[in-house]
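*Asks:* Let me begin by handing over the structure; questions about it come next.
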Amino acid sequence: MLAPPKVPLINPTSLARFVDALPIPSVAHAESQRTHPAYPGRKLSYHRMEMRECKISLHRDIPGTRLWGYNGQFPGPTIEARRGEPLLVEWINALPSKHFLPIDHSLHGAEHDKPEVRAITHVHGARVSAKNDGFPEDWYTPGHSTLYHYPNGQDAATLWYHDHAMGITRLNIYAGLFGAYIVRDDEEQALNLPSGDCDIPLMLCDRLVAQDGQLYYPVSDDPAAPWVMQCNGNLVLCNGKVFPYFDVEPRRYRFRLINTANTRFFDLSLSHDQPLQQIASDQGLLPVPLQRARIELYPAERADVVIDFSAFAGKAVQLRHQAEGILEFRVRDHGRRDSSTLPAALRGVPRIDPQSAVQNRILTLNETDDANGNAMTMLLDGKRWSDPVTEKPRQNSIETWSFVNLTGDAHPIHLHLVRFQILDRRPFDLFAWNAQRKLLFTGPAQPPEPQELGWKDTVRADPGMVTRIAMRFEGEPGRYVWHCHLLEHEDNEMMRPFDLLPAHS
Ligand code: C2O
Ligand code: CU
Ligand code: CU
């Protein structure tokens, strides 16, 4: 059970709206050019990203908030990458030795014998070798760092980096450890979409903020096991600000929406019944732009949108989450002309034929009560993190994975390393499954929605449905993970390793 907060929280209706400018995270600059044994004969950009404690203003009228940020920024600096140009990042843990959020030492990987402050960074959506992927158990303590290399051998897409330390990922990300990682390529550039200062990453999350400005993370009523199954904030943050405004010109802009929240899904729309043009999803461009009245984003999902403000000079347009304006665009004409375009076709996404799969895995999503009957454990296919590895795809093979959701909630399921396609969702008979482990469908398969026809790395698995995805396991052999991206679930057993086995020679 949830314990009531011990501190008074900010009442969002008491906050002045749209008094702070939207922060645009700085672009991470390369410290130097270096060689790396993985890329003989090449000079690579070398970046330093130091995780450290910082004090950040979330709103003009909220006292400074203690956070953990990459290079002391929240969100962290944006890493800019180009397809085919590998880069190096040294991820440095310069955090304090004590955590400021409630660790649950009963969770796997966060036991009392583990140091309180541990970190390991993962680039979500990157095709990268296992050693550089940020495996949750590869965490390290303050005073240590790791040098990762990213090949960027993948299509242009909006990725993001975040902490992934075993058993405390929800707390480290909540503390502020995330930022955007943008991959660009020539094909996308040739489309002449809005670019430069009209191409903006927009990271959305929520936090519980107390009246003294400090973050509050909810706890259960059991001090020995404070974990809670979800964390929804009282305030929505856009690039780290509450209710910011953003000055725009009457022209097209590209916004890269990223849901970086622990649990909350966003239901986004514009005021004035203005539609959004969605051009990309998790792993890059859609086949065609889609006009959307609303965009739903589950944790870790991305949507790139183009908004055309040309009819709004002198006016304001709001970005809403449900009925509430969370960001105000103020449209002022400075006489700059818009030479960007929004082409009718963006990028081909050849469909994967599920018939070509060599494995069709059926994987359940489960919830179980613990012995006290209050806290719940969520499992993937009924297994815990420490159970033997069961998913062992072969390099370059195609598989389909069917997520049989036995729970009452939607779970955003994410696989590292690969991009996938959503095949369908199909209702099934839960009682037949529970009684005899038989998959009985109760209705026709529903095709993916139009915005789900691009490449994805996170998929919403709805309750009562079997959600089926298909992917080719390209990448280097090694141990990766797949998990629910509700961070509370991920930290409490809803994460499993998978082994990519070398291709048959
Ligand atoms: Cu956003 Cu395991 O990742
Ligand atoms: Cu990931
Ligand atoms: Cu979940």
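The values are calculated or read from the model by the stated rules, or taken from the named source; none is laboratory data. All figures in this text were calculated on a predicted structure; none of them were measured in a lab. Note: ideal-geometry Cβ built from the backbone for every residue, glycine included; neighbour counts use all protein chains shown. Heads up: the accessible areas ignore ligands, DNA and RNA and are worked out on the full protein's heavy atoms, side chains in. Shrake-Rupley method; radii C 1.70, N 1.55, O 1.52, S 1.80 Å.
*Asks:* Can you spot a residue in the stretch 164-183 that is within 24 Å of Pro75 (Cα to Cα), open to solvent by 10 Å² or more (accessible area, probe 1.4 Å), charged (D, E, K, R) and at pLDDT 95 or above?
*Replies:* No, there is no match, as no residue in the stretch 164-183 is within 24 Å of Pro75 (Cα to Cα), open to solvent by 10 Å² or more (accessible area, probe 1.4 Å), charged (D, E, K, R) and at pLDDT 95 or above.
*Asks:* I've got another one for you. Starting from the stretch 476-505, keep only residues that are under 19 Å from Asp133 (Cα atoms) and in a loop (DSSP other than H, G, I, E, B), then list their pairs with residues that are open to solvent by 10 Å² or more (accessible area, probe 1.4 Å) and within 16 Å of ligand 3 (Cβ to nearest atom) whose Cβ atoms are within a distance under 8 Å, requiring at least 6 positions of separation or different chains.
*Replies:* Cβ pairs passing all conditions: His485/Tyr298; Met494/Leu379; Met494/Leu486.
*Asks:* Out of the residues in the stretch 98-121 that are among the hydrophobic types (A, V, I, L, M, F, W, C) and part of a loop (DSSP other than H, G, I, E, B), which is farthest from ligand 2 (Cβ to nearest atom)?
*Replies:* So the residue we want is Phe100.
*Asks:* Suppose we filter the stretch 436-461 for residues that are open to solvent by 30 Å² or more (accessible area, probe 1.4 Å) and over 30 Å from Tyr161 (Cα atoms); how many remain?
*Replies:* 11
*Asks:* Please indicate, with yes or no, whether at least one residue in the stretch 122-132 is open to solvent by less than 10 Å² (accessible area, probe 1.4 Å), more than 16 Å from ligand 2 (Cβ to nearest atom) and at pLDDT 95 or above.
*Replies:* no
*Asks:* Still on this structure, please answer the following. Starting from the stretch 136-156, keep only residues that are within 21 Å of Leu87 (Cα to Cα), then list their pairs with residues that are modelled with pLDDT under 95 and open to solvent by less than 30 Å² (accessible area, probe 1.4 Å) whose Cβ atoms are within a distance under 8 Å, requiring at least 6 positions of separation or different chains.
*Replies:* No pair meets every condition.
*Asks:* Go through the stretch 403-442 and give me each residue that's of a type in the set (Gly, Ala, Ser) and either touching a Lys or Arg at 6+ places or on another chain (Cβ under 7 Å) or part of a strand (DSSP E or B) (or both).
*Replies:* Of everything in the stretch 403-442, those that are of a type in the set (Gly, Ala, Ser) and either touching a Lys or Arg at 6+ places or on another chain (Cβ under 7 Å) or part of a strand (DSSP E or B) (or both) turn out to be Ala410, Ala432.
*Asks:* Follow-up. Report yes if some residue within the stretch 337-360 is out of contact with any Cys (no Cβ under 6 Å at 6 or more places or on another chain) and in a strand (DSSP E or B); otherwise report no. Give the derivation first.
*Replies:* Going residue by residue through the stretch 337-360, those that are out of contact with any Cys (no Cβ under 6 Å at 6 or more places or on another chain) are 337-360.
Of the ones still in play, those that are also in a strand (DSSP E or B) are 359-360.
The answer is yes; a qualifying residue exists.
*Asks:* Looking only at residues in the stretch 141-163 that are in a loop (DSSP other than H, G, I, E, B) and under 17 Å from Pro115 (Cα atoms), which one is most open to solvent (accessible area, probe 1.4 Å)?
*Replies:* Narrowing the stretch 141-163 to residues in a loop (DSSP other than H, G, I, E, B): 141-144, 151-156.
Then keep just the ones that are under 17 Å from Pro115 (Cα atoms); that gives 141-144.
On the way: Thr141: 36, Pro142: 42, Gly143: 72, His144: 100 Å².
Only one residue fits best here, namely His144.
*Asks:* Taking the residues in the stretch 286-328 that are touching a residue at least 60 places away in the same chain (Cβ under 8 Å) and either polar (S, T, N, Q) or in contact with a helix residue (DSSP H, G or I) (Cβ under 8 Å, 6 or more places away or on another chain) (or both) as candidates, determine which candidate is most open to solvent (accessible area, probe 1.4 Å).
*Replies:* Ranking the qualifying residues of the stretch 286-328, first place goes to Ser310.
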